């Protein structure tokens, strides 16, 4: 598997992974446009991906303006292989090397994603108005968790 920064040329593969997920399904795919991906990969954030045999199997994108995780998705056929964990590590290591501001994200309750973020040290900050669980991660917590793993 190869992990690298995502580029505009990767957008079709990112969209394929996003459409393949079984949890946190995007009910209306038109709500997340190619223009959104371009914006978050060029001016409003940064992204990483994982390729296996030349096929994108996971990706993560951080929104550096709203200080949130815009996306972290793994193709269901490659779940539980450590791809999400490594994408998160790359993204948070980069983000907290550049920014001091805490990050947040929202995910559906009762999902693998909720359990993943809990195990990864994200703080459950309660339910948001849209029914998603809000998680928060600060720089010190992330750096401490990284030292514990090293």
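Quick notes on this one:
- Of the residues in the stretch 94-110, at least one is touching a strand residue (DSSP E or B) at 6+ places or on another chain (Cβ under 9 Å), closer than 22 Å to residue 40 by Cβ and touching a residue at least 60 places away in the same chain (Cβ under 8 Å).
- Set 124, 130: member being modelled with pLDDT of 95 or more and either closer than 25 Å to residue 53 by Cα or in contact with a strand residue (DSSP E or B) (Cβ under 8 Å, 6 or more places away or on another chain) (or both): 124
- For the stretch 4-35, the set of residues classified as at pLDDT below 75 and under 14 Å from residue 73 (Cα atoms) consists of 21, 22, 23, 24, 25, 26, listed by residue number.
- Within the stretch 58-80, the residues that satisfy the criterion of being under 21 Å from residue 20 (Cβ atoms) and either more than 13 Å from the chain's Cα centre (by Cα) or part of a loop (DSSP other than H, G, I, E, B) (or both) are 75, 76, 77, 78, 79, 80.
- Some residue of the stretch 115-124 being within 16 Å of the chain's Cα centre (by Cα), touching a residue at least 40 places away in the same chain (Cβ under 8 Å) and closer than 18 Å to residue 62 by Cα: no
- Where residue 55 falls short, out of the listed (1) loosely packed, with under 15 Cβ neighbours inside 10 Å; (2) without any contact (Cβ under 8 Å) to a residue 40 or more places away in the chain; (3) under 14 Å from residue 4 (Cβ atoms): (2)
The values are calculated or read from the model by the stated rules, or taken from the named source; none is laboratory data. Model, not experiment: these values are computed from the prediction. Neighbour counts are summed over all protein chains in view; Cβ atoms, including those assigned to glycine, are modelled from backbone coordinates with ideal geometry.
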